[in-house]
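Contents: one structure, followed by commentary.
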Amino acid sequence: MRNVVLLGPPGAGKGTIAVRVAEELNLFHLSTGDVLREEVARGTELGKEARGFMDRGELVPDEVVLAMVRERVRGRGGVLLDGFPRTLAQADGLAKFLPVHVVVYLAVGKDEVVRRLGSRRVCASCGAVYNLVTQRPRTPGRCDRCGGELRQRPDDAPEVVAHRYEVYERESRPLIEHYARQGLLVSVDAARPPEAVVADVIRVLRS
Ligand code: AP5
């Protein structure tokens with residue numbers, strides 16, 4: 001089974017799209033952001049190490065994230081990576097333990113992602129993602145799936161979002177060229193409703 005990387009700026013919709021695509025195509029969805037947030041919530045050593053970086057909108061060190069991913073994908077195929085790799089060093093490290101077959105770049109502009117992150121809410125219990133403008137919960141403040149409380153992520157504060165975007169431009173944008181040179185990159189217009197983006201990504205991965 002093919003391994004897929006989902007690339008894009010903060011708020012491009014990587015998590016939203018990945019959950020639906022993974023379910024439809026029976027892929028193993030691995031979001032490094034979700035794994036790190038779980039580690040922080042459980043108060044593990046990894047979580048304690050990662051927390052400061054995440055709260056400031058900085059990247060967690062490459063070697064920490066690489067070890068975390070390597071352990072979770074061992075022996076697997078059909079992996080959908082969301083939020084990883086995020087640096088050229090991570091991409092080089094990944095290539096040593098998992099072949100990448102397709103890279104889908106979710107293309108969307110800065111103004112739109114800043115708007116999306118300002119109105120994102122996440123379930124404190126199950127992690128489901130909502131948006132106060134585009135994907136509202138049925139009951140305000142409550143998760144449709146489990147009834148959990150919806151909260152704003154600490155790193156969605158406007159000043160942290162601005163910094164995350166700068167970090168993306170500096171560290172992650174070069175991956176677009178990196179994977180394009182390898183002939184692996186497919187760009188999808190992500191400035192459309194999630195259903196349209198999901199349909200396009202599925203079409204790309206089935207072709
Ligand atoms: P992570 O959680 O990966 O953050 P991110 O990459 O900044 O991405 P987001 O989760 O903010 O956005 P998304 O693209 O998934 O969008 P979403 O679907 O939620 O990482 C967090 C932190 O962990 C990092 O800052 C770093 O510290 C650390 N980290 C993680 N991976 C790392 C790595 N590899 N190396 C080092 N450190 C790492 O959608 C956003 C909002 O928009 C939602 O409200 C959603 O409902 C809405 N929305 C989604 N799609 C659409 C659409 N098509 N139209 C309208 N609204 C939409």
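Can you say whether PRO154 is more than 17 Å from VAL19 (Cβ to Cβ), in contact (Cβ under 8 Å) with a residue 24 or more places away in the chain, within 11 Å of the ligand (Cβ to nearest atom) and open to solvent by 30 Å² or more (accessible area, probe 1.4 Å), as far as the supplied structure shows? In short, yes.
Only one of the listed residues (LEU185, LEU205) is touching a Phe, Trp or Tyr at 6+ places or on another chain (Cβ under 6 Å) and more than 11 Å from the ligand (Cβ to nearest atom). That residue is LEU185. Here the range 16-47 is the region considered, the condition is being away from the ligand (no atom under 14 Å from the Cβ) and farther than 24 Å from THR134 by Cα, and the residue that is most open to solvent (accessible area, probe 1.4 Å) is ARG42. Could you list all residues from the range 134-151 that are within 14 Å of the ligand (Cβ to nearest atom), open to solvent by 50 Å² or more (accessible area, probe 1.4 Å) and more than 19 Å from ARG20 (Cβ to Cβ)? Within the range 134-151, just ARG151 meets the criteria.
The values are calculated or read from the model by the stated rules, or taken from the named source; none is laboratory data. What you see is a predicted model; the values in this text were computed from it and never measured. Glycine also receives a Cβ, built like all others from the backbone with ideal geometry; neighbour counts cover every protein chain displayed. Surface accessibility is based on the protein's heavy atoms, side chains included, excluding ligands, DNA and RNA. Shrake-Rupley method; radii C 1.70, N 1.55, O 1.52, S 1.80 Å.
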